[in-house]
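Written out below as structure tokens is the structure these notes cover.
The values are calculated or read from the model by the stated rules, or taken from the named source; none is laboratory data. In this text the structure is predicted, and so the values were computed from the model without any measurement. We place every Cβ from the backbone using ideal geometry, glycine too, and count neighbours over all the protein chains shown. Surface areas here come from the heavy atoms of the whole protein model, side chains and all, with no ligands, DNA or RNA. Shrake-Rupley method; radii C 1.70, N 1.55, O 1.52, S 1.80 Å.
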Amino acid sequence: ILLMVTGLLIVPSIDAIAKHLSDSVSALQVTWSRFLFQSILMGLMVLVLHNVRSLWPRRPVIHLIRGILLALATLIFFASLKFLPLADAIAIFFVQPLILTILSAVFLGEQVGWHRRIAVCAGFAGALIIIQPGGEGYSTAALMPLATAFFFAIYLALTRAVAGQDNAESAQFAAGAGAFIVLSIVILFTRMLFPGSLPMVEPSLTQWGWLFMLGVIAAGCHLLVVKATELAPASVLAPFGYIEFIGATLLGWIFFNDVPSTTTWLGAAVIIGSGLVVYFRETRTGKH
């Protein structure tokens, strides 16, 4: 539990760095840099803990698709941070387990009882409380964490499909490397076909330091979470996943002077409560 909580309290610092850089470095460049350094570090980790062969997953096409989804999710989320407080973006993103429940029912044929149906509806209601469509504080940027949650839910569904075929470090390396490769191809061809269309900058030494820290934190936090799951069952650890909201709130307050509004707290409470209901129902029915 300590490893899990530590990892999830640190994870929002990735988003805080991305938000800090958002005025000077594009979200695409930040996302590309994050996966560059993360892939290098995770690759070294795989070599130290396993062997060279573990760098190549058993189902590379699936892992490449995972990488594309992860790249999309990260890029959209980083882009949203230029306009949204950290806590708001994280809270809206927490509808992801609810989206995963819907996808599991539609594409995997899982039975979804009335408890979980109500929880899913309540969770999206919580997101609407934060987004406030049509309200005075409404911004279309608030829809971006929803898109992130959608792509990340598909990413997790595919992760479930290949779970156990590779070790956790190799699977994470494959997804990160896939994201890096895809983003590199997008940047290369866009700059070739549409010169000047991408706002790429030459980062300063300080900015390179922040970008490197993105990869270090991403790799380190993943290692903490992986080790936590090796030491304790998912039924013990999963409820602590929402600790991330606390970390995001603290970082947003300390570094950006963003204090969550009453509607953000209320919406987050509804979303988190709904997610916990879904999780505990899955645990009781043996589907988690």
What residue, among those in the stretch 163-195 that are buried (at least 16 other Cβ atoms within 10 Å of the Cβ) and touching a Pro at 6+ places or on another chain (Cβ under 8 Å), is modelled with the lowest pLDDT? D166
Just give me the residues in the stretch 137-151 being at pLDDT 90 or above and either open to solvent by 40 Å² or more (accessible area, probe 1.4 Å) or within 9 Å of I99 (Cβ to Cβ) (or both), in sequence order. L143, M144, L146, A149, F150, F151
Kindly indicate which of G176, G126 is over 29 Å from S33 (Cβ atoms) and under 21 Å from the mean Cα position of the chain (by Cα). G126
Could you please find all residues in the stretch 14-35 being surrounded by fewer than 20 Cβ atoms within 10 Å (Cβ to Cβ) and either in contact (Cβ under 8 Å) with a residue 60 or more places away in the chain or within 15 Å of G209 (Cα to Cα) (or both)? H20, S22, S24, S26, L28
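Residue-by-condition table, conditions (1) crowded, with 20+ Cβ neighbours inside 10 Å; (2) in a helix (DSSP H, G or I); (3) at pLDDT below 85:
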{"site": "L237", "(1), (2), (3)": "no, yes, yes"}
{"site": "A248", "(1), (2), (3)": "yes, yes, no"}
{"site": "L251", "(1), (2), (3)": "yes, yes, no"}
{"site": "F255", "(1), (2), (3)": "no, yes, no"}
{"site": "D258", "(1), (2), (3)": "no, no, no"}
{"site": "L266", "(1), (2), (3)": "no, yes, no"}
{"site": "G275", "(1), (2), (3)": "yes, yes, yes"}
{"site": "R281", "(1), (2), (3)": "no, yes, yes"}
{"site": "H288", "(1), (2), (3)": "no, no, yes"}
Return yes or no: is V61 in a loop (DSSP other than H, G, I, E, B) and not aromatic (F, W, Y)? no
Note on the stretch 71-96: residues open to solvent by less than 10 Å² (accessible area, probe 1.4 Å), assigned to a helix (DSSP H, G or I), among the aliphatic types (A, V, I, L, M) and over 24 Å from I118 (Cβ atoms) are A71, A73, L86, A87, A89
With criteria (1) modelled with pLDDT under 85; (2) among the small types (G, A, S); (3) over 30 Å from I40 (Cβ atoms); (4) over 19 Å from the mean Cα position of the chain (by Cα), A232 comes up short on (3)
Scan the helices (runs of 4 or more DSSP H) fully inside the stretch 108-226 and keep the ones with 1 or more residues being farther than 21 Å from S80 by Cβ, charged (D, E, K, R) and in contact (Cβ under 8 Å) with a residue 12 or more places away in the chain. 114-131, 168-193
Could you please let me know if L41 is open to solvent by 20 Å² or more (accessible area, probe 1.4 Å), assigned to a helix (DSSP H, G or I), farther than 28 Å from L266 by Cβ and in contact (Cβ under 8 Å) with a residue 40 or more places away in the chain? yes
